[in-house]
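Below is one structure; the comments refer to it alone.
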Amino acid sequence: MRIAVCIKQVPDTAEVKINRETGTLVREGVPSIINPYDMHAIEAALGLRDALGGKVTAITMGPPQAEAALREAISMGVDDGLLVTGREFAGADTLATSRALSGAIRAIGADLIVCGKQAIDGDTAQVGPEVAEFLDIPHVSYVRKIIEAEIDHEARGSIKVERLMDEGVDVVQAELPALITVVRELNTPRLPSLRGKINAKKTEIKKLSAAEIGLTPEVVGFNGSPTQVKKIFTPAPRCGRRVLEGGLEEQVEALVKELMEKKCL
Amino acid sequence: MDYFLSEEQMMIKELARQIAVEKIVPVRQELDEKEEFPWEIMRVLAGSDLFGLFIPEEFGGLGKGSLELTLAVEELSAACLGVSTTYAANALGTYPILLFGTPEQKQKYLPDIAAGKRLVAFGLTEANAGSDAGGIQTTARLEGGHYVLNGTKQWITNGGEAEIYTVIAMSDKSKGPRGASAFVVEKDTPGFSFGKKERKMGIRASATRELVFEDCRIPRENILGREGMGFIVAMKTLDSSRVGVGAQGVGVAQGAFDEAIKFTRSRVQFGHPIIAFQAIQHMLADMATEIEAARALVYHTARYMDSGANDVTKVSAMAKLFATDMAMRVTTNAVQVMGGSGYMREYPVEKMMRDAKILQIYEGTNQIQRNVIAQNLIKEAAKAK
């Protein structure tokens, strides 16, 4: 099975600080990591490859330093990395990003595409499904379990998964090629191996520009992004926390009274 | 300090540290309290290729040397000595095969060991043969195509959990030490069983059991080296592994020191963090200095061994002795600077102190190490005349 994993290099939000005046992220000096949801996507892809054979390619769109994310994926066992890069891609929203990624996937060919459900910096959860739409293939988002996957010699196959929904779980089967986006419950990402790390140092990362995937500068990056940012602000900290005092009965009484006043009970 | 490690050596250190921080630190207290064997962590180490570090590439390993193994052991030991003992004892049990095995024996065992599929243990100690290895009473009697083993090995690390055992037994008691031989015994061989799991002061994640041989028949080709070479196999094995115990000392001391620094910066007494007091500062300064000195000795000994030197007995004994006596002092002082908190199980240093004690005892007590060093000094002095 040819599997493509879309990953994104993001700032480690555990380390990020916010500039209170401008309301923007202070990115200087913040370490970059692979988006945590994408780690689960990598693990899912590696698990399927280990079981069914084939090859896993990690793909990312980003500046040259995003290569580090691809090498980290290779150190976990991914076979090779593909970096979609160039100045023309800068300022992309989810639509332009999906267009670029789908172009790269079309260029290499894939039976299954695995993405994290969303990135921890943008939190849109749009890129995975949009890539599937550009490729005109089925997609299943929020996958929490892969029940079975199969593929024959002519690349005909299917994947059956559990999709995590607010009100429960759907069991969905899709014909390949297909795209899935995954949630944390799916698996525990493996650590890198020493052979993987050595391999990651040596492997040459393939790079693709917009022209090489058949896209003009008008449809990628800032130019290809219809999203307009109206305002960026820091949400006001939630306040109003109150610690109830007194004996247990008094506290329960006060809590019930307050909840009734707020029409919660 | 920069020890001029190569890029690959740095990778090994980083990888072992990542495993230590992400997989060992969160469970070490539970493993200690439940005295639970760390199979889950062994599987992670296997997946990370760390079991293959010191095994030649032709047998599925990475073909690295003592220094690389030392780096991995040090990082794992900083998190949990019980886990690192399990890992290091596997190497100890493997050395007899690596150093004395025939190509067929190596081909049979090393690939599985390198992949972490089968764990190894080394069986030398007995009830009456500890520091005096000459007191071995386990026998190996040749009967046709088999050796028949009888006797009991005591306090064997990885006993019961390992699948491959390298065991020293007397094949000819009348010859004394020259009558010992080394053998490979596989788990599930009829006549081979295990005693109860020992209850220990520290390194409780590691398993320690008796190996019991009752008319245990093993194929004649399971002998390592020739008949009568058992003591040479044991001594060369210990020459190779001792520096690893030194690395455990450096690791556990560093782990305890890091906790002590963190604590003394945040604990306030008399209106100041206690690290502001000279009494604490001098203790920390001594601890840091001793750790660095031990690390330098351990790393350089490992490098010396990797250079192909064959006079490694004295320096490896020095590295083991110095680094483990240091580890006992530093872990004890980490508890001391942390005071009552250091004594409580909420903090990891009391465990580190309990764990560190074994380093002065196993793989040759530190008194035996001094004997070994002194014997070599006497030999060198006699030669120089």
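We did not get these values from a lab; they are worked out from the coordinates using the rules stated. Just so it is clear, the structure is predicted and the values come from calculations on it, not from any experiment. For neighbour counting, all protein chains shown are included, and Cβ atoms are generated from backbone atoms with ideal geometry for every residue, glycine included.
Assorted remarks:
- Spin-label model, A:Gln65 to A:Arg184: label points 7 Å out along the Cα-to-beta-carbon direction sit 2.6 nm apart.
- Shape index of region A:2-219: Rg/Rh, with Rg the Cα radius of gyration and Rh the Kirkwood radius from the inverse mean 1/r over Cα pairs, equals 0.96.
- Note on region B:231-384: Cα-Cα pairs beyond 26 Å make up 34% of the total pair count.
- Quarter of Cα convex hull surface for chain B, i.e. mean projection, nm²: 20.0
- At full extension, A:Glu28 and A:Lys257 could sit 77.6 nm farther apart than now, given 0.36 nm per residue minus the alpha carbon distance.
- Among the GluC sites (Glu not before Pro) found in region A:204-252, those both in a DSSP coil and sparsely packed, with 10 or fewer other Cβ atoms within 10 Å of their Cβ, are A:Glu204, A:Glu245.
- Backbone phi angles across region B:147-157, fed through the Karplus curve with coefficients 6.51, -1.76 and 1.60 (θ = phi - 60°), yield HN-Hα couplings of 9, 10, 9, 9, x, 9, 9, 10, 6, 8, 5 Hz in residue order; Gly and Pro are listed as x.
- Reach of B:Lys200 by Cα under 20 Å, taken over lysines that are not fewer than 8 positions away in the same chain: B:Lys34, B:Lys153, B:Lys351, B:Lys357
- Given 11 as the ceiling on other Cβ atoms within 10 Å, longest exposed-site-free region of chain B for chymotrypsin sites (Phe, Trp or Tyr not before Pro) in DSSP loops: B:5-269
- Coupling constants for region B:291-308 follow from the phi torsions by the Karplus curve (6.51 cos²θ - 1.76 cosθ + 1.60, θ = phi - 60°), and in residue order they are 4, 5, 5, 5, 4, 4, 5, 5, 4, 6, 4, 4, 5, 4, 4, 5, 6, x Hz; glycine and proline get x.
- Whole-number D in µm² s⁻¹ for the protein assembly as shown, Kirkwood Cα-pair radius fed into Stokes-Einstein, 20 °C, 1.002 mPa s: 75
- Folded to 0 to 90 degrees: helix B:81-100 orientation relative to chain B principal axis, Cα: 30
- Spatial separation of Cα centroids for region A:196-235 and region B:222-290, in angstrom: 47
- Averaging 1/r over each pair of different alpha-carbon atoms in region B:121-228 and inverting the result gives 13.8 Å, the Kirkwood hydrodynamic radius.
- Whole-Hz ³J(HN,Hα) from phi, Karplus 6.51 cos²θ - 1.76 cosθ + 1.60, for region A:244-261, glycine and proline x: 6, 10, x, x, 4, 5, 4, 5, 4, 4, 4, 5, 4, 4, 5, 5, 5, 4
- Taken over region A:96-145, the alpha-carbon convex hull comes to 81 cubic angstrom per residue.
- Cross-link partners for B:Lys175 among the aspartates and glutamates, with Cα-Cα distance under 20 Å and sequence neighbours closer than 8 places in the same chain left out: B:Glu126, B:Asp132, B:Glu143, B:Glu227.
- Here region B:7-119 is assigned +1 on the Cβ of each Lys and Arg and -1 on the Cβ of each Asp and Glu. Its dipole about the Cα centre then comes out at about 280 debye.
- Chain A: relative contact order in percent, alpha carbon pairs under 8 Å with at least 6 residues between: 23
- Ranked B:Asp215, A:Asp93, criterion: other C-beta atoms within 10 Å, fewest first: B:Asp215, A:Asp93
- Over all other residues within a Cβ to Cβ distance under 12 Å of B:Ala182, the charged ones net out to +1, with Lys and Arg as +1 and Asp and Glu as -1.
- Residues A:Val183, B:Val315, sorted so that the one with the fewest Cβ neighbours within 10 Å comes first: A:Val183, B:Val315
- Alpha-carbon centroids, region B:150-180 and region A:32-84: separation in whole Å: 48
- Charge dipole (debye, nearest 20) of the protein assembly as shown; +1 at Cβ of Lys and Arg, -1 at Cβ of Asp and Glu: 1640
- Principal-axis tilt of helix B:313-343 within chain B, Cα atoms, nearest 10 degrees: 40
- Summing +1 for each Lys or Arg and -1 for each Asp or Glu among the other residues whose beta-carbon sits under 13 angstrom from that of A:Gln251 gives -3.
- Long-range amide H partners of A:Met61 with built H, under 5 Å: A:Val84
- Cut-off under 5 Å, modelled amide H: who pairs with B:Leu224 long-range: B:Ala182, B:Phe183, B:Val184
- As a proxy for reagent exposure, ranking B:Thr208, B:Thr85, B:Thr332, A:Thr94 by other Cβ atoms within 10 Å from fewest up yields B:Thr332, A:Thr94, B:Thr208, B:Thr85.
- The spacing between region A:86-127 and region B:51-72, judged by their C-alpha centroids, is 40 Å.
- Of the trypsin sites (Lys or Arg not before Pro) in region B:200-257, the ones in a loop by DSSP (not H, G, I, E or B) with at most 14 other beta carbons within 10 Å are B:Arg226.
- DSSP-assigned coil residues among trypsin sites (Lys or Arg not before Pro) in region A:203-248, each with at most 11 further Cβ atoms within 10 Å: A:Lys230, A:Lys231, A:Arg238, A:Arg241, A:Arg242
- Ellipticity estimate at 222 nm from DSSP helix runs (n ≥ 4, -39,500 (n - 2.57)) divided over chain B, nearest 500: -17500 deg cm²/dmol
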